[in-house]
Amino acid sequence: MGTLADAPDRERSVVSTALVTGVSRAVGIGRAVMDRLAADGHRVVAAGWPSYDERMPWGADPVEPDLPGPFHPGSFYEVDFEDPDATAALIGRINRDVGPVGVLVLCHCESVDSDIRTTTVDSFDRHMAVNARATWQLIRSYAEQVDRHGPVRRIVSITSDHTAWNLPYGASKGAMDRIVLAAAVELADLGVTANVVNPGATDTGWMSPEIEQHVRNGNLQPRVGLPSDVANLVSFLCSPEGQWINAQLLHSDGGRR
């Protein structure tokens, strides 16, 4: 009977260069994931687009990290993923500045509410470009540079099943899910695992008291989700212990009913 020590691709270290996208707010999921991966020992670089948050109701806030240890100083990149050339350029810059990316965590999104009757073509195309197309392009660029012998090779994306009244967001997130799950199969030869996390309603400063109470009432646990809840699961998936979890869409929402 085999043991873990017999596994040919056993991971013996969690240290890797980790790229986290969607880091443009200090209270967001991206920032929580970035902080946690840095605490785990990864060399963390981050990408965000503050201009997106500036046009949203919550506004932008400072995100330049002040982290000790493994965070790579100055490695915050402002990137507009609506630009089809932005993804390859980003991965290229990180390779020059830090080295190959081993962990890719996709927290970025375009999310502007509209329904079937009010969604415009421009809005639909923008959501698809940022949430779906950029995901495919980032994964493609990641695969072209990932070290198949690197200590950790992970892709994790953050999704949502909120579609009604938020049509372009939900539709583009559904497309993103399928791209990431395809990566688990197509990049298996590189030793890459790829998973999708659906955290449910997570309080990143957008919830009104009424929405918060509604979320509480619909959950088996008497609270709402926090960015740290997402970061905890991403941390596990990117650890040696999380290597066996692959090609999954994981609901981590406290038991939402």
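Things worth noting here:
- Filter result for A143 (surrounded by fewer than 21 Cβ atoms within 10 Å (Cβ to Cβ), in contact (Cβ under 8 Å) with a residue 24 or more places away in the chain, within 17 Å of A18 (Cα to Cα) and of a type in the set (A, V, I, L, M)): yes
- Residue match in region 85-102 (condition: touching a Ser or Thr at 6+ places or on another chain (Cβ under 9 Å), over 23 Å from G242 (Cβ atoms) and either among the basic types (K, R) or not in a helix (DSSP H, G or I) (or both)): no
- Any hit, region 198-214, residues being of a type in the set (S, T, Y), surrounded by 15 or more Cβ atoms within 10 Å (Cβ to Cβ), in contact with a Pro (Cβ under 7 Å, 6 or more places away or on another chain) and farther than 18 Å from L90 by Cβ: yes
- Single match in V230, V130 (criterion: crowded, with 18+ Cβ neighbours inside 10 Å, under 16 Å from L106 (Cα atoms) and in contact with an Asp or Glu (Cβ under 6 Å, 6 or more places away or on another chain)): V130
- Matching residues in region 227-247 - criterion: being free of Cβ contacts under 8 Å to residues at least 60 places away in the same chain and assigned to a loop (DSSP other than H, G, I, E, B): W244, I245
- Answer from V112, V130 - the residue that is outside any helix (DSSP H, G or I) and touching a residue at least 12 places away in the same chain (Cβ under 8 Å): V112
- Within region 36-54, if we keep just the residues that are aliphatic (A, V, I, L, M) and in a helix (DSSP H, G or I), the residue that is modelled with the highest pLDDT turns out to be L37.
- With respect to being touching a Phe, Trp or Tyr at 6+ places or on another chain (Cβ under 6 Å) and either at negative phi or crowded, with 18+ Cβ neighbours inside 10 Å (or both), S160 falls outside the description.
The values are calculated or read from the model by the stated rules, or taken from the named source; none is laboratory data. Remember, it's a predicted structure, so these values are computed and weren't measured experimentally. Backbone-built Cβ (ideal geometry, glycine too); neighbour counts: all protein chains shown.
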